[in-house]
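Take a look at the structure set out below.
The values are calculated or read from the model by the stated rules, or taken from the named source; none is laboratory data. Keep in mind it's a predicted model, so treat the numbers as computed, not measured. Using ideal geometry, Cβ is built from the backbone for each residue, glycine included, and neighbour counts are taken over all protein chains shown. Surface areas here come from the heavy atoms of the whole protein model, side chains and all, with no ligands, DNA or RNA. Shrake-Rupley method; radii C 1.70, N 1.55, O 1.52, S 1.80 Å.
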Amino acid sequence: CNKNIIVRAALYWQVKLHQANDQSALDTVLLSMIQSSKFYPSASWVAPFQGAGMDFERVNALWRATIFPSDATIEDVRKIFFRNLEPAE
């Protein structure tokens with residue numbers, strides 16, 4: 001089983017979203033995967049190296065996506081998987 005997130009997202013998009021002409025942006029696909037309750041982001045996405053302490057907002061986004069996957073938001077996905085994003089204007 002391939003654990004590469006890009007490959008998994010591409011397969012999910014091909015099977016679940018492509019035929020419906022749904023969004024193909026990676027953040028949107030990841031959100032759909034989480035909201036399906038079949039995929040969960042691992043803590044390694046928010047765990048810092050060498051015990052530097054976790055980022056509170058990123059950990060809370062991961063926590064919400066794990067315990068309430070249907071309520072996950074695009075902002076949660078961006079906090080978990082994409083660091084240092086500039087806010088949208």
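What the table shows:
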{"item": "Surface share of carbon and sulfur [accessible, 1.4 angstrom probe, percent] for the stretch 4-83", "result": "57 percent"}
{"item": "Computed [θ] at 222 nm, deg cm²/dmol, the chain (DSSP H ≥ 4; -39,500 (n - 2.57); rounded to nearest 500)", "result": "-12500 deg cm²/dmol"}
{"item": "Cβ-based charge dipole, the chain, positive-most Cα from 23, 40, 52", "result": "40"}
{"item": "D (Stokes-Einstein, µm²/s), Kirkwood Cα radius, the chain, 1.567 mPa s at 4 °C", "result": "94 µm²/s"}
{"item": "Two-site FRET efficiency, residue 56 against residue 4, from Cβ-Cβ distance with R₀ of 30 Å, rounded to 0.05", "result": "0.60"}
{"item": "Candidate residues 5, 67, 34: accessible-area rank, largest first, probe 1.4 Å", "result": "67, 5, 34"}
